[in-house]
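First the structure, in the form of structure tokens, and then the observations on it.
The values are calculated or read from the model by the stated rules, or taken from the named source; none is laboratory data. All figures in this text were calculated on a predicted structure; none of them were measured in a lab. Every residue, glycine among them, receives a Cβ derived from its backbone with ideal geometry; neighbour counts consider all protein chains shown.
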Amino acid sequence: MTPPHPLAARFLLDAQDEFLRAIDHIPAPGRGGPLGRLNAAGWVIAHAAWSHDYFVNVLAAGREPDAWAAQWAAAQREATLARPLPTPYAEARDAYLAITARASEVVESLDASTFGREIQTRYGPSTVGYVICRAPAHLFAHAGELAVIGALVTAPDLDLPGALPRVAGTDIVPSEEGEASARPPLIVRLLLDAQHEFARVVEAMPQPAAVGSIARVHPGAKTIAEVANHESESWSTEPRIWSGAAILGRASLDPVPTYDEARAAYRAALEGSAPVLAALSADDLARPMSDSTIGVEVVRSAALLFARAGELNALASLFGGEDLGLPGSLAHVAEQPA
């Protein structure tokens, strides 16, 4: 079936595949119990599967919840989060596949006209568009968490996000990107929320997690600087790159910045990108950008930010940091037209 036109829906379908790639990337030693203070990988998959079923199949489509996910969630609520359920990896993976098969049917039936439909959630009123944006954000954050688990047990770099073929492989039709208004399009507002969520993780990182080194895991400051450079180069009219050395990629042997340098670079990137992103319209999404389009690069930035936020959140937990519950409230996506 031809992928649906709205970028947010295509992003969700690609996010489902990226999370499955993260699941299958973890070698056998990482598929058992928890490593240190990290969640067990099987539990992460089960949590993501249940949440995805709730967001997409239950809220967006009004379907009955998946039986396995509902039973797992009820047992976890009874046990409380202080006692995460031991969840077999293969069982959780099978549940995720079943849930995403149903979710794909839902997402492929959506168009922009359905995004504004109001729904009731356990957290209060919302819209279909909000949960369709929240779902890929949640999957990429937990894919980042799985990437850290994999790295600790000798997996190569997962390099999130991957190709995002549905986002990149279909032309952007501006009329499919939502209501005409003075606000940026929905997918741009999701990027603004992704930038905020990454900043929230950066500001909460314990100092040892920001500058310390764990074998096979990138130092937090280097990840922050990498993301800062990406966002500045992509969206600032006057890019301000961390000056210690270029962040050339996840395998770069360049010097690692200090936490203060990396945080300052990211704050500068946000300052420089804010007016550019706020000015984007639906028509702008189809405009060329490098060998891509602005819309595709907006999605790539959002995916990168949520995935790296998940990585940093996992890294922080290894040094005693609290789980920030990614993603938090997506205020820009939730904003209603005036």
Next item on the list: Could you check P257 against (1) in a helix (DSSP H, G or I); (2) at pLDDT below 95 and say which number it fails?
Entry: (1)
Next item on the list: Hand me the list of helices (runs of 4 or more DSSP H) wholly inside the range 181-253 holding 2 or more residues that are modelled with pLDDT of 95 or more.
Entry: 186-204, 220-235
Next item on the list: Report, by residue number, each residue of the range 59-79 that is crowded, with 20+ Cβ neighbours inside 10 Å and either among the polar types (S, T, N, Q) or assigned to a helix (DSSP H, G or I) (or both).
Entry: L59, A60, A69, W72, A73
Note to self: Which count do you get for residues in the range 312-335 that are over 28 Å from T121 (Cα atoms) and at pLDDT 95 or above?
What the structure shows: 1
Notebook entry, point to check: Got at least one residue in the range 219-240 being within 15 Å of the chain's Cα centre (by Cα), crowded, with 23+ Cβ neighbours inside 10 Å and small (G, A, S)?
Noted result: no
Notebook entry, point to check: Just one of A147, A135, A155, A143 is assigned to a loop (DSSP other than H, G, I, E, B) and of a type outside the set (S, T, Y); which is it?
Noted result: A155
Checklist line | Top-ranked residue of the range 182-207 - restricted to ones that are surrounded by fewer than 16 Cβ atoms within 10 Å (Cβ to Cβ) and more than 20 Å from the chain's Cα centre (by Cα), ranked as farthest from L315 (Cα to Cα) | finding: A182
Check: Does A15 satisfy the condition of being touching a residue at least 40 places away in the same chain (Cβ under 8 Å), touching a His at 6+ places or on another chain (Cβ under 9 Å) and small (G, A, S)?
Finding: yes
Checklist line | Output for the range 261-307, where each listed residue is over 13 Å from A228 (Cα atoms) and among the aromatic types (F, W, Y) | finding: F306
Next item on the list: Name, by its number, the condition in (1) in contact (Cβ under 8 Å) with a residue 12 or more places away in the chain; (2) surrounded by fewer than 20 Cβ atoms within 10 Å (Cβ to Cβ) that does not hold for A101.
Entry: (1)
Notebook entry, point to check: Right, Y96: among the hydroxyl-bearing types (S, T, Y), modelled with pLDDT of 95 or more and closer than 12 Å to A49 by Cα or not?
Noted result: yes
Check: Among the residues of the range 160-181, is any surrounded by 22 or more Cβ atoms within 10 Å (Cβ to Cβ) and under 30 Å from G36 (Cβ atoms)?
Finding: yes
Next item on the list: Name the residue, out of H52, H5, that is in a loop (DSSP other than H, G, I, E, B), within 30 Å of E297 (Cβ to Cβ) and within 22 Å of the chain's Cα centre (by Cα).
Entry: H5
Check: How many residues are touching a helix residue (DSSP H, G or I) at 6+ places or on another chain (Cβ under 8 Å) and outside any loop (DSSP other than H, G, I, E, B) when one looks only at the range 98-117?
Finding: 12
Note to self: Would you confirm whether or not the range 16-23 contains a residue that is surrounded by fewer than 23 Cβ atoms within 10 Å (Cβ to Cβ), hydrophobic (A, V, I, L, M, F, W, C) and in contact with an Asp or Glu (Cβ under 7 Å, 6 or more places away or on another chain)?
What the structure shows: no
Margin query: Show the residue pairs meeting these rules: Cβ distance below 8 Å; 6+ apart or different chains; first residue within the range 116-144 and farther than 25 Å from A314 by Cβ; second residue surrounded by fewer than 22 Cβ atoms within 10 Å (Cβ to Cβ) and of a type in the set (D, E).
Written below: G116/E179; P125/E118; S126/E118; T127/E118
Next item on the list: Would you check if R287 is modelled with pLDDT of 90 or more and touching a Leu at 6+ places or on another chain (Cβ under 9 Å)?
Entry: no
Next item on the list: Scan A69, A75, A40 and give me the residue that is of a type outside the set (S, T, Y) and free of Cβ contacts under 8 Å to residues at least 12 places away in the same chain.
Entry: A75
Next item on the list: Run A82 past the list (1) outside any loop (DSSP other than H, G, I, E, B); (2) without any contact (Cβ under 8 Å) to a residue 40 or more places away in the chain; (3) small (G, A, S) and report the number of the one that doesn't hold.
Entry: (1)
